[in-house]
1. Just reorder Trp458, Trp1051 by solvent-accessible area, largest first, 1.4 Å probe, all chains present.
2. Below 8 Å, C-alpha to C-alpha, sequence gap of six or more: please give me the relative contact order for the range 1002-1043 in percent.
3. Just to confirm my numbers, what's the Cα centroid distance between the range 486-550 and the range 383-397 in Å?
4. Work out, step by step, the length gained on full extension between Lys328 and Val744: first 0.36 nm times the residue separation, then minus their alpha carbon distance; give nm to one decimal.
5. Report the calculated FRET efficiency for Lys641 and Gln467 (r = Cβ-Cβ distance, R0 = 41 Å), to the nearest 0.05.
6. Using amide H atoms built in the peptide plane, which far-off residues or other-chain residues are under 5 Å from Asp729 H to H?
7. Past the 26 Å Cα-Cα mark, which pairs from Lys451/Lys725; Lys62/Lys594; Lys995/Lys1015; Lys231/Lys1035?
8. Express as a percent, rounded to the nearest 5, the fraction of DSSP beta bridges in the chain (both residues included) that run antiparallel.
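The values are calculated or read from the model by the stated rules, or taken from the named source; none is laboratory data. These figures come from a predicted structure and were not determined experimentally. Neighbour counts run over all protein chains shown; Cβ positions are idealised from the backbone, glycine included. When the accessible area is computed, the model is the full protein with side chains, heavy atoms only, and any ligands, DNA or RNA have been set aside. Shrake-Rupley method; radii C 1.70, N 1.55, O 1.52, S 1.80 Å.
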Amino acid sequence: MDWAQSEVLSRVSSRVTDAWGGIGDDVDKLRVSLLTSNILADEAERWRFVDHNLSRLLLHLKDAIYDAEDVIDDFDYQELKMSVEGSSQASRILNKASSLVGEFISGKSNTVKDVQQRLDLVQVNLKQAMKLLASKRPETVEQMHAKRKTGSVVIEPEIIGRDSDKETIIKILLQLEDTVVEGTSGDVNDVTLVRNKRRKTRNVSVLPIVGMGGLGKTTLARMVYNDARVKEHFQLKIWICVSDQFDVNYLTKEIVKCATGMQENSFPNLDSVYNALKEEVLSMKFLLVLDDVWNEAPLEWDKFYLPMCHGVEGSMILLTTRSTEVAKISGTLDPVFIEGLPEEPYRNLFNKCAFGLEDPKDYPELGAIAEKIRSKLKGSPLAAKTLGGLLRTNLDVQHWRNIMTSELWQMKQREGEILPALQLSYWYLPSEIKRCFSFCCMFPKGFWFRKEHLVSMWVAHGFVMSQGDELLEQRGALYFEDLLSRSLFHLQGPGIETYLIHDLMHDLAQLTSKDECFYIQTSGREQGAPKSVRHLSVAKDLVELIRPSKYNKLRSLSSLRAYQPFHGLNSSCHFLFSEFPYLRIFDMNNCGIKELPESIGNLKHLRYLNLSDNKIEELPESIGQLYNLQVFDLFANPLKKFPKGFTKLIGLRKLRINPRAIPMISGIGKLISLQDLSEYQVQRQHGHRIGELKDMTQLLRKLYLSGLENIDEKEEAAQAMLSNKRYLDILILGWADNRNINQVLDEEVLQALQPHPNLMVFHIYYYGGLQLPSWLQEEFLPLLNHLSIAGSANLNVVGNLPSSLCVLEIERCHSLISIEECLLPEKLPVIKKIILEDCKELKSVPVEKFSGFVFLQELKVSYCPKITCSRELLLPTSIKKLVMQSCGNLDISLPNCLKHLTNLSTLRLEKCLNITSLTDDALNHLIKLQELSIRDCEKLSILGRLPNPLFLKELSIIRCQNLAQVDLLMENSAQGGSSRPLLHSMAISDTSLLKYPSFKNALPFLQTLEIEGSKEMSIFNEEYQEILQNLNLLKKLSFSDCANLQQLPPWLHSFTSLNYLKVVNCPQIKSLPENGLPISLTEYRCARCNPVFIEQFKTHMAACHQVRRSL
């Protein structure tokens, strides 16, 4: 901004200040009142479970707080608008600022005073009520919030006390017996199941599991569902979470989708759904789990069960419910009633949760208190985890006594309820986290959510308060982990980053925010929505029914999946973008929206906008007026361009779009709050240069900068100011591969792109310089733990690197000759992984020093054919994975370098031309070896015996033509041959290996067999027939690069367990075996073979598919 603009804006600011006048003081007073009101609301939370009238007063206070926040946000928006618009068109703003501000103030002056009066009045009434209650119940206002120890790690306890339940249910599912034993010993039975007297003459049985919330019905069902015996018994398993939405058509469609993987648009009508049900589900013996069923309408259940009961005999439906009425109308077998865990197992579980790693015997006084608390929890595993977690935060006697004597225990409750116990989990949450947790009940039970999405919603509503330089999202993530550690959230599974709230915890959340949060899944439920609701989620097919007059103060409006046929919102729904002026969160993902109205610009409070998976090609210009917008999700939209005003969204923190759409945004550097810019392609035209990154100091986690060849000078590169990107963990810098390299410019550019010292991972691709930048040292990057350099054709030296490195990868650096200087234990003391790959000129590697890398777990030296070693490779015992492929004379260290590698689990040797034998002595220390691959080792003649051959899981011996002795799988006499081998995958070239007794013994458990590079004309002829009869579990069979092979084995059709067959580059095979292929085949690959054979193969597979469908 030049001097003239600054002068104009200074005059604007002066006029605006005059225009605010006294109302500015009123707004400041309201801000202060808002702070005290929030404190009072937090204090009143502990009384809401005690007195109904006080709870109503608290609702009035919260309503006034919401209105006060809206009024203040109106004023903040106006200031933000003037700030944004003031950065351009300053003279125009000068002329209009005073009149605009005057119009705004005239409409808001009375509103500010009205809200202030409401706050003051409710505060007075609420304080009086709390004071009166305190005089009657002085014990309830004692300070019970014990200080929470930070850094405590919650250990998820193993499943305790349900083994008998599990075995009982599995026996019923497998139909091993018709009667079931009584429960475990003691006064209380875990499972009560009498002899079945009402089994119906149906193919498909229904077994209900009944028990109150929190007893572990779902966990028990999961244990059964994932048991190996169950997996083997049923051809198809399906899991459906039903919850309180029992829609027959929807459930049927979900079953078919789970069974087939088909998408929603695969079913044009209900007939197609039921046809698919008959062909893909009912044609197999299936296990269907219906989790958390609430439907008590017999007719609805009969409509659902009628087609299901015609399935294959022996199919089962396992159903979990809290309701005995549900079990009564649905079960064909007498229900399994789950009660609280027995005394001793429950004591063990509770102690694990309450004491963590501490020994309860070391805390005798706490142990006595624990017994009293435990007796109130009615054997509920969920209550043990939640209350135990609360106790574990502070192993102080007074803290535990406060929980034990809490008045919440005396709340009125029906027999068997544990909700009052779980309310303590809510009571002891920090006040800021309470709002985050309560907000979650705007979504229905069984709703899976992602951590980052939920945290962004919390931030949008102002629930998260940052500290210091901490980002709001980072603080919100800590809130999330806190709730997760208290078992209030549940992770779906390893590697699946989605979560849900346990049903009982959902009930708790609803209890705390029933007047503010609501969800509508059916049209009938809409009638029960309270007038005070601020956060609403609605099934997509019901969105059009939402009445603005009833929900005119909504802050959150989110769409849920449709439970009826839904073809998208039409243009009549444009009112959604204009009739809810106070929205902070607006989520209309996958609603078939094609265009947005200009009126969306009126949603000035909007912070979170999710329009992903729609059909939007263009955004209206008014989108640039959403100055408060923090999250904008446009992923999976066919966007063609962005409006010019898009870069006015200076508050935008997260923009989710296809990375290929980012170049459509000119001047993206104006989005100074943006955190998510995972990829940025540098171009030469204005608005797309590297300098756009200058003020983007909030960039978070990962940044990939490509197109660096488009930077013309080092000064231009320096404009990116990567050194001020403190929140970046991963930086990837890439130049184009095929280009005319300017060595000097590349070095200057990389030197100017120095990152912040917080960087942890650094990748460089196709860098053209001779040397690395001076800042790639510990002094400048003390936290760097992963460095990857790839495709740097001119790089000839790698100097000192940060000593913090754990991973070093150098690939395709064809000018690199030596790494003697950097690859030393004293310089990289904590290195865990070293990869040297495809460095064709690399000669000098200090392999004799590698034994000093005491933390090294993986070493890969691959396709570096000129490595010359004067001394043998010495390795530390920490090594778990060793890969040596075409590595010069490094392989002269074999087999001596294998000695003492007692932790080695993976060994891969390829084109190691100097190795002649791997004897018993050489392999004797490889006691943990699970994968062994030996390829193209021409001189290898002896493979000795492994010390623990039963541990081996994967074995490959390919193109080792001089191999004469193979004792690998021969068992030691001490092992006695009684254990089952773990070997499940084998790849060989010479099928005669299967004649070795040790190999023959492994065949019954083999699941994958690959024949690769065989020179044989006939494989598995008559003399192998007896051997191959042992391949009972074989699922995958592969033939590849068998140039002389004339035909496939004639016995293939008899392998009824085979489901995948691969035939690649076997040109001499002309036809399928006379008896064809096994009907069990479901997948195949046939390529680079005789065209006639390929066509015959495809035709046969299509015919097999038709046969399977007709069965």
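1. Trp1051, Trp458
2. 66
3. 28
4. Full extension of this stretch gives 141.7 nm more.
5. Step by step, r from the Cβ atoms, then E = 0.55.
6. Arg701, Lys702
7. Check vs 26 Å cut-off fails for Lys62/Lys594.
8. Rounded to the nearest five, the antiparallel share is 5 percent.
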